[in-house]
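We did not get these values from a lab; they are worked out from the coordinates using the rules stated. Note that the coordinates shown come from a computational prediction; the quantities given were computed from them, not determined experimentally. Ideal geometry is used to build each Cβ from the backbone, glycine not excepted, and the neighbour counts take in all protein chains shown.
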Amino acid sequence: MFGGLNFNATLSDVAEITMRQSPAGSSYNEEGAGIIFYQGRGEFGWRFPKRRLYTTEPKRLACEGDVLMSVRAPVGDLNVAFENCCIGRGLAAIHSETPSFALYLMRFLKPQLEAYNGEGTVFGSINGKALKSLEVALPSHNEVMQFESFAAPIDALIRSNENETRKLNNLRNYLLPKLMSGEIDVSKVDLTQLTNNHLPVRGHNVPNCYWKEPLWKPSLIVFCRRCRTCLIRHSSNIWPKYSESRCCQLRKHQRRRIC
């Protein structure tokens, strides 16, 4: 979108940069006391960092949506702050009024940041002065806002999906021990009444002669390895009409879709 631009600004012209400073080690905890603390890229995920530590004595803070950049070995790895947090000596926070533009600008600067990984006597690093003076190609304000209006809804959807995933993970972690211990009994739950399940429903291309209780156990539901069509395994036999050897040949027939 911004191809052909020359370097005409520095990173400090685009964003406010907060450099690293770790709180006292005695303030670290895993019990949730204080504010979420990210020490370095060790907590980075595919886009958002994973909660591990908290601190009761925060020094340098990052806001929700800020770009978090690794400033030590390796330099330039990126994540986005999922919530307000404290950053340690391995990170810098890049805050901008156009967070989506700032994120993708930092990704564009990855080759420049790679140069710092070869410097230093032990491992690569970058200081605040060098990061703030990093040269960037800055488009016009209208172009930046046009990009932000395009990218921000996509980033918001990614965040929404991440939020839902975290809630489901927390629910799983809460319920699984209770299920394993028998504290919660689901043996009498009718799975065919649940929404978005992969179990066949009576009358939906399922022959009445196969409508038996054992068929509704999840362990008996299998998939064709070729086209991922849902199959039902009864005892040790797959229905002959929907066997793997013929499944892909029956793709054009609606009757093959049994769930």
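Brief remarks on what is shown
- Single residue of region 1-44 satisfying the filter (crowded, with 17+ Cβ neighbours inside 10 Å and among the aromatic types (Phe, Trp, Tyr)) that is nearest to Gly90 (Cα to Cα): Tyr38
- Cross-chain or 6+ apart pairs with Cβ under 6 Å, region 87-109 first and closer than 22 Å to Ala137 by Cβ, then among the aromatic types (Phe, Trp, Tyr) and in a helix (DSSP H, G or I): Phe101/Phe147
- Residues of region 113-134 that turn out to be surrounded by fewer than 14 Cβ atoms within 10 Å (Cβ to Cβ) and either closer than 15 Å to Leu11 by Cβ or of a type in the set (D, E, K, R) (or both), as a count: 6
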